[in-house]
Amino acid sequence: MSPTPLTARRAGPLHGSLRVPGDKSISHRALIFGALTVGETNISGLLEGEDVLNTGKAMRALGAVLERTGEGAWRVHGVGVGGFRTPAETLDFGNSGTGCRLVLGAVAGCPIRATFDGDASLRRRPMQRILDPLTQMGARHESAAAGGRLPITLAGAREPLPILYRTPVPSAQIKSAVLLAGLSAPGETVVIESEASRDHTERLLAHFGAEVTVAPEGAHGRRITLKGESELVAAPVVVPADPSSAAFPMVAALIVPGSQVTLTEVMTNPLRTGLLTTLTEMGARIEILESRGDAGEAMADLRIRAGELRGVEVPPERAPSMIDEYPILAVAAAFARGTTVMRGLKELRVKESDRLAAVAEGLAANGVAAEIAGDDLIVHGTGAVAGGGTVTTHMDHRIAMAFLTMGLASARPVGVDDATFIATSFPGFVPMMRSLGADLS
Ligand code: S3P
């Protein structure tokens, strides 16, 4: 597909109320758990972005029946735990690390063989971190590209073994892959993480009737224990709005003078609210209007008003709760007064792009002083951004959306070389931002 450049320009204040699309993490999981359940799972508010649609295609190829019954409304007829069949074709996950890694885990617990592939960005991302525990559980990768990368052919375990696994980095994807494989292992599969990562898998496992317990481990960690070989029971899933998508209109409303925007039904799971905490420390005016919960996940309506921001220090232990939000936080930091130091960002190097490098390049291209020191990103904010640069997005949706947001408040326009990847996580980003008054063309 040919690239689609896009430019953001400063215009009047942003005003309005909107609900961003459903949470990407929960949407992938709802389809995968639905596919592993006997019976009918009804999902509402599913994110219909390319990443999640690719997971849906994979579920079909593995034997589940999926029906779209309305906008964001999907019905999944599952095959039961361990019930996947060998797919006729390669499973293509496009740009999505989450889809690919979770389904690797789900396939590892079934006596089948499947080939996994993705686009050029996904082919560069590390998969050995998933293959390691799955191999311990009895799965075998029959082939993989150098360094354990895609394309990978995985033979699932005939008799999966339960393991106790300490994740080498705090990653919900590694944790989820092990737990998904553990569903068909006898006995208890245990995952220990030294810092808690998003817990949607644990919550959905409990929601679908699995026996799962979560206990604290050390200062910031958790120990998750799953009892295997039990069937999942179908249960409806309501997907709240994605806080990682809400982050873009949120920061836009903070930095475009005079703006006031309400974002409704934003998920406020505490393992996803690091950006909210950080922006509040920066002096952002964000009010929680109404909170509620559904299917084990909390959500709230948020009212955001533009105002001055100040630089802050973001501690490394906060990284898991805002891992996808650093590009847009860097944009907020560029408009703040003073220096913002974001510590412990090593994992940003292995996302859809090397986000540490991509953010630093994008800031430099737009006249923002910033540097990378080890695994830290330091942004020197002056309260204003010159703009005028074109940012290379490196097949990364969040780099594209972050720098387009920057252009809405910078003195000169900000362009991105390719906006097509926005469709992986936030279809409707451009019309939604325009509906608030943003100038994007
Ligand atoms: C996700 C986990 C995070 C995050 C990704 C979604 C998930 O990755 O960056 O966008 O849904 O489990 P890691 O778990 O690898 O940090």
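The values are calculated or read from the model by the stated rules, or taken from the named source; none is laboratory data. From a predicted model like this one, the values you see are computed outputs, not experimental measurements. Note that each Cβ is placed from the backbone with ideal geometry, even for glycine, and that neighbours are counted across all protein chains shown. To get the accessible areas, we keep the full protein, side chains included, count just its heavy atoms, and leave off ligands, DNA and RNA. Shrake-Rupley method; radii C 1.70, N 1.55, O 1.52, S 1.80 Å.
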With the convex hull built on the Cα atoms of region 54-153, state its orientation-averaged projected area in nm².
-> 6.4
Directionally averaged projected area (convex hull, Cα atoms, region 133-278), nm² = 11.5
Compare the peptides 352-360, 400-408 by average per-residue count of other Cβ atoms within 10 angstrom and give them in order, highest first.
-> 400-408, 352-360
In sequence order, what are the phi-derived ³J(HN,Hα) couplings for region 182-199 according to the Karplus relation 6.51 cos²θ - 1.76 cosθ + 1.60 with θ = phi - 60°, rounded to whole Hz, with x for glycine and proline?
-> x, 4, 9, 8, x, x, 9, 9, 10, 10, 10, 10, 6, 10, 5, 9, 3, 10
Take the Cα radius of gyration of region 194-263 and divide it by 2.2 N^0.38 Å, with N its residue count; two decimals is plenty.
-> 1.63
Amide H contacts under 5 Å for Met137, restricted to residues at least 5 apart in sequence or on another chain and with H modeled in the peptide plane, are none
Can you give me the Cα centroid spacing of region 37-71 and region 87-120 in angstrom?
-> 15
Once amide H atoms are built 1.01 Å from N in the peptide plane, which residues 5 or more positions from Ala185, or in another chain, come under 5 Å H to H?
-> Glu229
Residue-wise HN-Hα coupling along region 15-20, computed from phi with Karplus coefficients 6.51, -1.76, 1.60 (Hz; x: Gly, Pro) = 9, x, 9, 8, 10, 6
Here the relative contact order (percent) of the chain, from C-alpha pairs under 8 Å and at least 6 apart, is 19
Percent antiparallel among DSSP beta bridges (both partners in the chain, rounded to 5) = 75
Please work out, to two decimal places, the log10 of the ratio I(q)/I(0) at q = 0.08, 0.14 Å⁻¹ from a Debye calculation in which every Cα of the chain carries one identical scatterer.
-> -0.42, -1.28
In a Gaussian network model of the chain with springs linking alpha carbons closer than 10 Å, the residue among Pro133, Pro257, Pro168 that fluctuates most is Pro168
Contour minus Cα-Cα span, Ser2 to Ala73, at 0.36 nm per residue, comes to 22.5 nm
Cβ under 13 Å from Glu67's Cβ, Glu67 left aside: what net charge do those residues give with Lys, Arg +1 and Asp, Glu -1?
-> +2
Simple label model, 7 Å out from Cα along Cβ direction - Thr382 to Arg223, nm = 5.3
First compute the accessible area of region 286-402 with a 1.4 Å probe, then give the percent of it belonging to carbon and sulfur atoms.
-> 49
List the equivalent ellipsoid semi-axes of region 37-108 in whole Å, largest first, each obtained as the square root of 5λ for an eigenvalue λ of the Cα gyration tensor.
-> 18, 16, 10
For region 1-78, what is the accessible area per residue in Å², given a 1.4 Å probe and the full set of protein chains?
-> 39
Would you mind telling me the antiparallel percentage of the DSSP bridges in region 239-373, rounded to 5?
-> 80
Top mean-square fluctuation among Ala306, Ala298, Ala172, Gaussian network model of the chain, C-alpha springs under 10 Å?
-> Ala298
If you plug each phi of region 353-362 into the Karplus form 6.51 cos²θ - 1.76 cosθ + 1.60 with θ = phi - 60°, what whole-Hz ³J(HN,Hα) values come out, in order, with x for Gly and Pro?
-> 9, 6, 5, 5, 5, 5, 5, 4, 4, x
Given H placed on each backbone N at 1.01 Å, which residues far from Gly16 in sequence or on other chains put an amide H within less than 5 Å of it?
-> Gln260, Thr262
Label model pair Arg412, Arg305: point-to-point distance (7 angstrom along the Cα→beta-carbon line) in nm is 3.4
Ordering of 250-256, 419-425, 136-142, 192-198 by packing [mean C-beta count within 10 Å, highest first] = 250-256, 419-425, 192-198, 136-142
With runs of 4+ DSSP H residues as the only contributors, calculate the mean residue ellipticity of the chain at 222 nm using -39,500 (n - 2.57) per run, divided by the residue total and rounded to the nearest 500.
-> -8500 deg cm²/dmol
Subtracting the Cα-Cα distance of Ser435 and Thr86 from 0.36 nm times their residue separation yields 121.1 nm
Measure off, as a whole percent, the carbon and sulfur share of the 1.4 Å-probe accessible area of region 123-170, all protein chains present.
-> 50
